[in-house]
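Read the structure below first, then the notes.
The values are calculated or read from the model by the stated rules, or taken from the named source; none is laboratory data. Every value quoted in this text rests on a predicted model; they were computed, and no experiment measured them. FYI the Cβ positions are ideal-geometry reconstructions off the backbone, even for glycines, and counts take in every protein chain you see. Calculation scope for accessible area: heavy atoms of the full protein, side chains included, ligands and nucleic acids excluded. Shrake-Rupley method; radii C 1.70, N 1.55, O 1.52, S 1.80 Å.
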Amino acid sequence: DGVRDGDRVADTSAAIWASRGMMRMSDAVYRSLPPVGAESCARATIAAVGVGDTAALGAPEAGHGLPSTLGVAMELLDRGLRASLRVDGAEAAVADLVRASEMYTHSGSTAPLPELPAVIAAIVAVNVGEIDIAQATIDDALAGRQGGTGTRGRLLLWRSWFAVQRARPAEARQALAEALEAAGHLSARDAMLAHAIRVAIAR
């Protein structure tokens with residue numbers, strides 16, 4: 001219907017801007033085309049948090065009808081992102097976000113979104129000192145082909161980055177090489193991440 005078409009347009013446009021490394025434009029898309037469905041509302045939360053605009057976050061959307069794997073994943077993702085913004089919410093955030101990543105992988109969804117759940121979960125985990133959880137989350141997403149074949153390169157880049165953080169340069173180089181081969185052409189944000197990895201390995 002028209003509502004779902006509007007959400008699809010917003011989701012696709014927001015994901016494209018995010019891949020270009022322009023999360024502010026991704027957030028602007030959702031401001032121009034406010035999402036209606038719960039899943040698109042969760043994607044809009046990713047963009048809003050990505051630009052630090054927590055004031056723009058409304059109340060979380062309640063699910064409608066029978067729960068689906070994707071719907072539950074997006075609900076957990078939304079809840080985890082909101083928890084990550086609270087001083088006392090780190091532990092709950094990591095648990096929800098890791099579970100969201102697992103559920104998203106199981107859903108088999110390849111729908112566009114500003115950032116992969118595995119990457120979000122891993123970044124939050126690292127920020128609270130849980131690098132092993134971050135690494136495992138990325139590895140599980142790769143094994144489960146989270147987001148489809150088109151996202152493999154990005155996940156491998158993050159595997160490489162976390163290998164650098166764990167002082168494992170050989171693993172980092174291998175994952176970087178695999179990422180470049182899998183991606184073919186890197187998006188702007190992935191090219192920036194790949195450059196950061198090369199610099200970190202050199203150091």
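Among (i) 170; (ii) 148; (iii) 114, which is the computed volume of the Cα convex hull per residue in Å³?
(iii)
Once R0 is set to 25 Å, what does the formula 1/(1 + (r/R0)^6) return for the Cβ-Cβ distance between Q174 and D132, expressed as a FRET efficiency to the nearest 0.05?
Working: r = 19 Å, r/R0 = 0.76.
Using R0 = 25 Å, I get an efficiency of 0.85.
So what is the calculated 222 nm ellipticity per residue for the chain, using -39500 (n - 2.57) for each DSSP H run with n of 4 or more, over all residues, to the nearest 500 deg cm²/dmol? Walk me through the intermediate numbers first.
Numbers: 10 runs with 143 residues, N = 203.
Computed ellipticity for the chain at 222 nm equals -23000 deg cm²/dmol.
Mind listing the phi-derived Karplus ³J(HN,Hα) values for region 181-193, rounded to whole Hz, using 6.51, -1.76 and 1.60 with θ = phi - 60°, and x for any glycine or proline?
5, 6, 7, x, 9, 7, 5, 4, 6, 6, 4, 5, 5
Give the Kirkwood hydrodynamic radius (Å, one decimal) of region 95-203, defined as one over the mean of 1/r across all pairs of different Cα atoms.
Values: mean 1/r = 0.0729 Å⁻¹.
So the Kirkwood estimate lands at 13.7 Å.
Write down the accessible area per residue of the chain in Å², having rolled a 1.4 Å probe over the full set of protein chains. Mind dumping the intermediate values first?
Values: 10370 Å² over 203 residues.
With the other protein chains kept in place, the chain gives 51 Å² per residue.
I'd like the distance separating the alpha-carbon centroids of region 1-46 and region 141-162, in whole Å.
That distance is 22 Å.
When the accessible area of the chain is split by element with a 1.4 Å probe, what percent falls to carbon and sulfur?
Working: 5710 of 10370 Å².
Ligands and nucleic acids excluded, carbon and sulfur reach 55 percent.
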